[in-house]
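Below is one structure, written out as structure tokens; the observations come after it.
The values are calculated or read from the model by the stated rules, or taken from the named source; none is laboratory data. Just so it is clear, the structure is predicted and the values come from calculations on it, not from any experiment. Here the Cβ is made from the backbone with ideal geometry for all residues, glycine too, and neighbour counts use every protein chain on show.
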Amino acid sequence: QALLAESGGGSVQAGGSLRLSCSGSGLTYTSMAWFRQAPGKEREGVAGIYYSESTYYVDSVKDRFTISRDYGKNTVYLQMNSLKPEDTAMYYCAADMSWYGDHWYEPAKWNYWGQGTQVTVSS
């Protein structure tokens, strides 16, 4: 199947920034998204992008995170600014050939996943 690979995670102080990237292989996807999961917690949708223009965010990252896409590189990015300790999680890239509208943030809807990249924010 198609493979996604994330990079760009790391450790940063509160208020700092990180830029995550996710590159796909084999297919150009209709939709891509970022999810995150902290130990013992439910996986949640962070940001999604439909084609290259329509973007969606969970309220907790609105105005701090920006999702974008580069079709030439078959890559999706997540620019994370003003990071908070509660942003600490494993971040996963997801992709699909469909779009699920108001249900984009539900992990079960997405068919392709990366292995994750760790983001740790210290206070």
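Among residues of the range 69-113 being of a type in the set (Gly, Ala, Ser) and loosely packed, with under 15 Cβ neighbours inside 10 Å, the one that is farthest from ILE49 (Cα to Cα) is SER82. Out of curiosity, is ARG69 modelled with pLDDT of 95 or more and among the charged types (D, E, K, R)? It is false that ARG69 is modelled with pLDDT of 95 or more and among the charged types (D, E, K, R). Quick check on LEU78: is it within 18 Å of VAL119 (Cβ to Cβ) and under 10 Å from the mean Cα position of the chain (by Cα)? Yes; evaluated as a whole, the condition is true for this residue. For the range 68-104, the set of residues classified as of a type in the set (A, V, I, L, M), assigned to a strand (DSSP E or B) and more than 16 Å from TYR56 (Cα to Cα) consists of ALA89, MET90, listed by residue number. In the set SER25, SER7, only one residue is over 13 Å from GLY116 (Cα atoms), of a type in the set (Ser, Thr, Tyr) and touching a residue at least 24 places away in the same chain (Cβ under 8 Å); that residue is SER25.
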